[in-house]
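The values are calculated or read from the model by the stated rules, or taken from the named source; none is laboratory data. Everything numeric here is computed off the predicted structure, so don't read it as measured data. Because the Cβ atoms are built from the backbone with ideal geometry, glycine has one as well, and the counts that use them run over all protein chains shown. Accessible surface areas use protein heavy atoms only, side chains included; no ligands, DNA or RNA. Shrake-Rupley method; radii C 1.70, N 1.55, O 1.52, S 1.80 Å.
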Amino acid sequence: ETFTTTLGPLRLDLRDFTTRADEQNAYSFQGRSERAEAFTWRGQFALAPLRSEGEFSLQSVSLAKYSPYYRGTVPFDVHSGSADVSARYRFAWGPTTKEARVTDASLTIRDLKLSEHDKEEIAVEAPATEVQGADVDLLSAELSVRRLASRGGRILLRQSKDGRVN
């Protein structure tokens, strides 16, 4: 399935850029999509050794729109839902230091509706779900979450004759 989107307007700011070792280059970029999805990313980076840290946010991301990227990877279809995500990050990749972390992440998902693949019946419905205080170490695959809350949802579970649950 082909994916298309339109981004714009976009803004990119890069101040006092240098390739000198251990220098910090401040940057930011922001923009919107044709569906009013918004993103911002700002921080600083260095090229020698390669590293970056800062913060990013995505607002009103349409989850079903990006199904060409995850369909076949996840065991469900997304019928609706939008998400807001924000976090801080730190990345370093040098001869002595390797780090890839996301910290103090928050995620809000609204109007989520999921079904089994190629079925219309909604199996999961969650009007509001929030994750707060998530920390992820991408190199060690460790995740901690301070708070997970969902309100007003419903889950439809079925067990087949062979004992499998949808």
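In nm, to one decimal, how far is the modelled label at S106 from the one at E130, with both set 7 Å along Cα→Cβ?
Output for this residue pair reads 0.7 nm.
Estimate the FRET efficiency between T18 and R154 by the formula 1/(1 + (r/R0)^6), using the beta-carbon distance for r and 41 Å for R0, to the nearest 0.05.
Details: r = 55 Å, r/R0 = 1.35.
That gives a FRET efficiency of 0.15.
Taking a point 7 angstrom from the Cα of E121 along the C-beta vector, which residues in segment 49-88 have backbone N less than 20 Å away?
So the set is 75-80.
DSSP loop (so not H, G, I, E, B), at most 10 other Cβ within 10 Å: list which GluC sites (Glu not before Pro) in segment 47-144 pass both filters.
On the way: sites: E53, E55, E99, E116, E120, E121, E125, E130, E142; in loops: E116, E120, E121.
For GluC sites (Glu not before Pro) across segment 47-144 that sit outside H, G, I, E and B with at most 10 neighbouring Cβ atoms in 10 Å, the list reads E120, E121.
Dimensions of segment 12-58 along principal axes (Cα, Å, largest first)?
On the principal axes, segment 12-58 reaches 40, 16, 10 Å in Cα extent.
Short version: ³J(HN,Hα) in whole Hz for each residue of segment 151-161, in order, from phi by Karplus 6.51 cos²θ - 1.76 cosθ + 1.60 (θ = phi - 60°), x for Gly and Pro, what are they?
Each residue's phi maps through the Karplus curve to give 10, x, x, 8, 10, 9, 10, 9, 10, 7, 4 Hz.
Can you tell me how much longer the chain between L58 and L143 gets when fully stretched, taken as 0.36 nm per residue apart minus their C-alpha distance, in nm with one decimal? Each step should come with its number before you reach the end.
Working: separation 85, 0.36 × 85 = 30.60 nm, distance 2.02 nm.
Stretched fully, the L58-L143 segment lengthens by 28.6 nm.
Apply 1/(1 + (r/R0)^6) to the Cβ-Cβ distance of A92 and T4, taking R0 = 25 Å, and write down the FRET efficiency to the nearest 0.05. Could the numbers behind the result be given before it?
On the way: r = 35 Å, r/R0 = 1.39.
Taking R0 as 25 Å, the efficiency between A92 and T4 is 0.10.
Beyond 17 Å, what share of the Cα-Cα pairs of segment 54-120 remains, rounded to the nearest whole percent?
Details: 1256 of 2211 pairs.
In whole percent, the long-distance tail amounts to 57.
Please report Rg over Rh for the chain, where both radii come from the alpha carbon positions and Rh follows the Kirkwood definition.
On the way: Rg = 19.6 Å, Rh = 18.6 Å.
For the chain, the value is 1.05.
Anyone know which of V145, V61, V102 comes out most mobile in the 10 Å Cα GNM of the chain?
V145
Tell me, what is the per residue accessible area of the chain in Å², probe radius 1.4 Å? Show your work: numbers first, answer last.
Working: 11150 Å² over 166 residues.
For the chain, the solvent-accessible area averages 67 Å² per residue.
Carbon-plus-sulfur fraction of the accessible area of the chain, 1.4 Å probe, in percent? Each step should come with its number before you reach the end.
Numbers: 6010 of 11150 Å².
Result for the chain: 54 percent of the exposed heavy-atom area is carbon or sulfur.
Given the DSSP H assignment, sum -39500 (n - 2.57) over each helix run of at least 4 residues in the chain and divide by its residue total; what's the result at 222 nm in deg cm²/dmol, nearest 500?
Numbers: 1 runs with 4 residues, N = 166.
It lands at -500 deg cm²/dmol.
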